[in-house]
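Below is one structure, written out as C-alpha cells; the observations come after it.
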Amino acid sequence: SQTIHQWPATLVQPVGSPLSLECTVEGTSNPNLYWYRQAAGRGLQLLFYSVGIGQISSEVPQNLSASRPQDRQFILSSKKLLLSDSGFYLCAWGPRTSTNEQFFGPGTRLTVL
Amino acid sequence: GENVEQHPSTLSVQEGDSAVIKCTYSDSASNYFPWYKQELGKRPQLIIDIRSNVGEKKDQRIAVTLNKTAKHFSLHITETQPEDSAVYFCAANSGGSNYKLTFGKGTLLTVNP
C-alpha cells in the first residue's frame, strides 16, 4: 500500500530565515505530487504540482519554490520566510492514471515569528 | 478555470439527524467530484467520490449525489454521530484533467450529542 511522509511535523522559524519541507511517497511509481497551504480556519490553496521529475507548475506567485529531485520526493523551499508564510503545509500524491484521486500527507505546521 | 462554491460554511445538527452539504461547480468538463473530511489538526481524508457517469453513490451513512445538468453535487450524512464533527471539503477536477482539483472553502459540521 502507499504511504506519504512529511517532515518536520512542526516548525517555528524567524522571519527572513530559509525553509525546506520534504515529502516522500512509498509504494507507488510516477505519482503526481502536490503542495497545498492551509491558513488557520481556511481552505486548501494549491501552491505547486508536479507530474514528473523536474516538472513543476506554480499556481500562485509567491515567496516559495518547489523541486522534485526524485520520482517520489517533493520539496518546498523558501529563501526568506515572511510572516504570511505561516500555515499548515500539506503534501499530496495522486496516481498518474486518470483516476484523479489525491491523498494527503500528515502535514507540517509552520509558524513564522 | 474551475470555480467551486460550497454551502453552508457552518452547519450544526443534533445527533441522529441528517446533514446535507451542497457544492456547485462552473466547468462543464469536470467529471470527478471527491469529498474530504478534515478533523481538527489532521490531514484531509478522502471519504467518498463520484464520477460523472453516475448520479448517486452510497457508503454506509454517507452518500453523494450529482446533477451534471445543474452542475451541483451534494454530500448527505444520515444518523449523524459526534465523531462526524469536522470540516468537510468538496472538490472538482479542473477542465477534465486528471491531476488538478479545485476545492470548495469547506463546511464546519458540528454534531451535538
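The values are calculated or read from the model by the stated rules, or taken from the named source; none is laboratory data. Keep in mind that this is a model prediction, so the values were computed, not measured. Neighbour counts are summed over all protein chains in view; Cβ atoms, including those assigned to glycine, are modelled from backbone coordinates with ideal geometry. Remember, those area values only see protein heavy atoms, side chains included, never the ligands or the DNA or RNA. Shrake-Rupley method; radii C 1.70, N 1.55, O 1.52, S 1.80 Å.
Note: relative contact order over the range A:67-113, using C-alpha pairs below 8 Å and six or more positions apart, is 36 percent. In summary, the aspartates and glutamates within cross-link reach of A:Lys80, defined as a Cα separation below 20 angstrom excluding same-chain residues under 8 places away, comprise A:Glu22, A:Glu59.
Excluding residues fewer than 8 places away in the same chain, name every one of the lysines whose C-alpha is closer than 18 Å to that of B:Lys22. Answer for B:Lys22, where 18 Å is the Cα cut-off: B:Lys37, B:Lys57, B:Lys58, B:Lys68, B:Lys71, B:Lys105, listed by chain and number. For the range B:25-58, a drop of 50 Å² or more in accessible area on going from the chain alone to the assembled protein chains (1.4 Å probe) is found at B:Arg43, B:Pro44, B:Arg51. Residue by residue, the range B:62-68 carries 3J(HN,Hα) couplings of 10, 8, 10, 10, 10, 10, 5 Hz when phi is fed to the Karplus relation 6.51 cos²θ - 1.76 cosθ + 1.60 (θ = phi - 60°); x denotes Gly or Pro. Contact order for chain A, expressed relative to its length and based on alpha carbon pairs under 8 Å spaced 6+ residues apart, stands at 36 percent. Calculate the length of the line joining the C-alpha centroid of the range A:17-48 to that of the range A:54-97, in whole Å. For the range A:17-48 versus the range A:54-97, the Cα centre distance is 6 Å. Return the value, in Å² to the nearest 100, of accessible area buried between chains B and A (probe 1.4 Å, both sides summed). The B and A chains share an interface burying roughly 1700 Å². Using a probe radius of 1.4 angstrom, the carbon and sulfur fraction of the accessible surface of chain B is 46%.
Rounded, prolate or oblate: which fits the range B:40-113, taking a ≥ b ≥ c as square roots of the Cα gyration tensor eigenvalues, rounded meaning a/c under 1.5, else prolate when a/b beats b/c? Cα axes put the range B:40-113 in the oblate bin. Interface burial in the range A:66-113, defined as at least 40 Å² less accessible area with all protein chains than with the chain alone at a 1.4 Å probe, covers A:Asn100, A:Glu101, A:Gln102, A:Phe104. The mean accessible area for residues of the protein assembly as shown, using a 1.4 Å probe and ignoring ligands and nucleic acids, is 47 Å² per residue.
Does a label point 7 Å from the Cα of B:Glu5, set along Cα-to-beta-carbon, have any residues of the range B:61-104 with amide nitrogen under 20 Å, and which are they? Inside the label zone: B:65-76, B:88-95, B:102-104. Model label sites at B:Asp59 and A:Gln45, defined 7 Å from Cα along the beta-carbon direction, differ in position by 2.9 nm. Percent of accessible area on the range A:1-97 owned by carbon and sulfur, 1.4 Å probe? Its accessible area is 52 percent carbon and sulfur atoms.
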